[in-house]
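Take a look at this one; I'll ask things after.
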Amino acid sequence: MGGGWPLEPDNEGWVENQFWDFCSGRENTYQVIHNAFISISESGDLEDIIQDIFYGNNRE
């Protein structure tokens, strides 16, 4: 619609809660995800969490 950039909200793409609420079937899912990332970032555990996700307990 708008020449492709940026996408026109509601017509060409869903953002934040529009998308995540659709995926989860619950309300305010984006805020839950956003708060989780903020909490992980502030805790200082982000590097360890990423290492565990990608490498498990087999780190060198």
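Computed from the coordinates by the stated procedures, all read-outs in this text should not be read as laboratory data. Here the structure is a predicted model, which means the values were calculated and not measured. Cβ placement follows ideal geometry from the backbone for every residue including glycine, while neighbour counts extend to all protein chains displayed.
How many nm separate the modelled label positions at ILE50 and CYS23, each set 7 Å beyond the Cα in the direction of the Cβ?
Label-label distance for ILE50 and CYS23, simple model: 1.9 nm.
Quick one: if you take sqrt(5λ) for each eigenvalue of the C-alpha gyration tensor of the chain, what semi-axes come out, biggest first, whole angstrom?
They are 32, 15, 11 Å, listed from largest to smallest.
Still on this structure, please answer the following. Grab the other residues whose beta carbon is less than 12 angstrom from that of THR29, score K and R as +1, D and E as -1, and report the net.
For residues surrounding THR29, the net value is -2.
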